[in-house]
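J.: The structure that follows is given in the form of structure tokens.
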Amino acid sequence: MSLFPWVRLHGIKDYLDMVEILRKFPAVHQTFNLVPSLLEQLEDYTAGTVKDRFVELTLKPAIELTADDQKFLLERFFSIFPDYCIAVSPRYYELYLKNKSKAPFSTQDYLDLQVWFNLAWFDPSFKQSMPVLRDLVRKARFFSEEDKRLCLDAQIEVLNRVIPAYKEFMGRGQVEVILSPFYHPILPLLYNSNIGKEANLRAILPKTVFNYPQDAKSQVDSAVSFYKERFGALPQGMWPSEESVCEHILPILIDSGIKWIVTDEAILFKSLRKNKRDTRLIYKPHLLKRKDGQISIIFRDRNLSDLIGFEYHRYPKAEDAVNDFMKHLENIDKAFKGKDPFVAVALDGENAWEYYRNDGHDFLELLYARLSESKFLKCVTVNEYLNERPAKDNIKHLAAGSWINGDFSKWIGSPYKNLAWEYLIKARREFESVSADFKDYELARKQMAILEGSDWFWWYGDDPGYFDELFRMHLSNFYSIIGKDVPGYLSKPLEP
């Protein structure tokens, strides 16, 4: 059982509508990155092989909730941006304010909360287009136990449509789907954790080196195989997790058949040893030609990407945000007249929208309409552009770094992050002693691959919260799988 519901909830809020909105705008071609471990979890939900703690407490009859259950609901079932996701529903907002004031909840209050938490996460388009959701929104209060079941069944219906929708749009030529390494690891740090110092000479790294290039290769190769099984073709592009790259991983990517990768503009300037931002270098693809072969690389415009990801939701009107974005593109066109610049806008495709009114639909629909009508630009997938205008300018050495500060400091280099790596290194060394014919070898290998994911290390030093609990749980599971005693230090929080 999963402890947390975020794949399920983002699945009903972001993954499907982000591609289906393109039906109205056939001139807008887009590239989407889908992480294999995300798709794997979606499949587990739709197959009914996994539930999460939040689903269990949703299904539990409200009259049977214990004091601990009620506490959990009051603490966790308002976990969504209140301004645009709670306040827009009068009954949910009433419960939100009641909880804020510490007023007691009735059994009906808890039942309504069980429904509204799951209902609020649906993208607004589904609450309009799906009759069962329209009816629940209209009912608003005095929900029944059956209403909970209807709401959760609708979630599975939406999740079931995600992968087929992307396949459909790929078949239409409007969408390119790319992938990340399977369990979203920081590839350079798997290859050799000392590469963290290559990205930042002042980084203080773990005393023991994590040095497993074969794990980096496995994360890439298994992702490619998974993609081919789901989409019937090999992927052309890859979004390295957190846009983390370095020279050392290029042979792995080239060998996998990947044709292009994306990273942040900061890596471009580090690679070329440029101290000033030069858009003439950003707005074109580059080549990484090596003895093993070659791979193209594109660099995102960080400013434009971050405007959508972090700034435009603050604008009072969607029209003002779209006007500002289009003005930036017009200025680029004027500066590069006749040179056909390639502008890559690349950002986290799920986390921004709950901070926008109407889950971003007002902004996106207006933006896509303006892009469709524009006479000076064309929206293409990366592969479409590269097929017409292959990268030519070779970068002799690719600098190490990510899209966060141009280094790996979000994942390694602080005391608690380094301690997490030390724990992982100890477990990985134990795995070396496991024979390939051990009955649970593949299960142990998968557990290790999960432990190599990036998010465990992201939060240490900030507020690890439940990530610390989950990381230690997965480590404990690994030791149990290989028949070893679970180290005592895993019973205590890594970060006090």
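The values are calculated or read from the model by the stated rules, or taken from the named source; none is laboratory data. Remember, predicted model here, so these are calculated numbers, not experimental data. Glycine gets a Cβ as well: all are built from the backbone with ideal geometry, and neighbour counts include every protein chain shown.
J.: If the requirement is being closer than 25 Å to Ile12 by Cβ and either more than 24 Å from the chain's Cα centre (by Cα) or among the aliphatic types (A, V, I, L, M) (or both), which of these qualifies: Leu190, Leu133?
T.: Leu133
J.: Need pairs with beta-carbon distance below 7 Å; first residue in contact (Cβ under 8 Å) with a residue 24 or more places away in the chain and within segment 26-55, second part of a loop (DSSP other than H, G, I, E, B) and polar (S, T, N, Q); sequence gap 6+ or separate chains.
T.: Pro26/Gln174; His29/Gln174; His29/Thr381; Gln30/Thr381; Thr31/Thr381; Asn33/Ser180; Val35/Ser180
J.: Tell me whether segment 405-421 contains one or more residues that are surrounded by fewer than 13 Cβ atoms within 10 Å (Cβ to Cβ) and more than 30 Å from Lys291 (Cα to Cα).
T.: So the first thing to find is which residues in segment 405-421 are surrounded by fewer than 13 Cβ atoms within 10 Å (Cβ to Cβ), and the list is 415.
Still in the running and more than 30 Å from Lys291 (Cα to Cα): 415.
Scanning segment 405-421, I find at least one residue that is surrounded by fewer than 13 Cβ atoms within 10 Å (Cβ to Cβ) and more than 30 Å from Lys291 (Cα to Cα), so the answer is yes.
J.: Working only within segment 451-467, note down all residues that are surrounded by fewer than 19 Cβ atoms within 10 Å (Cβ to Cβ) and assigned to a helix (DSSP H, G or I).
T.: Of everything in segment 451-467, those that are surrounded by fewer than 19 Cβ atoms within 10 Å (Cβ to Cβ) and assigned to a helix (DSSP H, G or I) turn out to be Asp455, Trp458, Tyr466.
J.: Taking Ala103 and the conditions (1) within 26 Å of the chain's Cα centre (by Cα); (2) assigned to a loop (DSSP other than H, G, I, E, B); (3) at pLDDT 95 or above; (4) among the hydrophobic types (A, V, I, L, M, F, W, C), which numbered condition does it fall short on, given that it satisfies the others?
T.: (1)
J.: Determine whether segment 75-88 contains at least one residue that is under 30 Å from Met170 (Cβ atoms), among the hydrophobic types (A, V, I, L, M, F, W, C) and in a loop (DSSP other than H, G, I, E, B). It would help to see each step written out before you state the result.
T.: The initial filter retains those residues of segment 75-88 that are under 30 Å from Met170 (Cβ atoms), namely none.
No, because not a single residue in segment 75-88 is under 30 Å from Met170 (Cβ atoms), among the hydrophobic types (A, V, I, L, M, F, W, C) and in a loop (DSSP other than H, G, I, E, B).
J.: Okay, moving on. Hey, does segment 430-438 have a residue that's loosely packed, with under 14 Cβ neighbours inside 10 Å, out of contact with any helix residue (DSSP H, G or I) (no Cβ under 7 Å at 6 or more places or on another chain), within 19 Å of Pro185 (Cβ to Cβ) and acidic (Asp, Glu)?
T.: There is at least one residue in segment 430-438 that is loosely packed, with under 14 Cβ neighbours inside 10 Å, out of contact with any helix residue (DSSP H, G or I) (no Cβ under 7 Å at 6 or more places or on another chain), within 19 Å of Pro185 (Cβ to Cβ) and acidic (Asp, Glu).
J.: Just to be sure before I move on: is Ala352 among the small types (Gly, Ala, Ser), within 22 Å of the chain's Cα centre (by Cα) and within 22 Å of Lys24 (Cα to Cα) in the structure I sent?
T.: When the stated conditions are applied, Ala352 passes them.
J.: Got a sec? Which helices (runs of 4 or more DSSP H) wholly within segment 140-255 have at least 3 residues that are within 30 Å of Arg91 (Cβ to Cβ) and at pLDDT 95 or above?
T.: In segment 140-255, 145-171 are the helices (runs of 4 or more DSSP H) which contain 3 or more residues that are within 30 Å of Arg91 (Cβ to Cβ) and at pLDDT 95 or above.
Here is a yes/no grid of residues against (1) buried (at least 20 other Cβ atoms within 10 Å of the Cβ); (2) in contact with an Asp or Glu (Cβ under 9 Å, 6 or more places away or on another chain):
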residue	(1), (2)
Leu205	yes, no
Thr208	no, yes
Lys217	yes, yes
Asp221	no, yes
Tyr227	yes, no
Leu234	no, no
Ser244	yes, no
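J.: So, one more: If you check every pair at least six apart or on different chains, which have Cβ atoms under 7 Å apart with a residue in segment 315-331 that is among the hydroxyl-bearing types (Ser, Thr, Tyr) first and a residue that is modelled with pLDDT of 95 or more and assigned to a helix (DSSP H, G or I) second?
T.: So the pair list comes out as Tyr315/Ala321.
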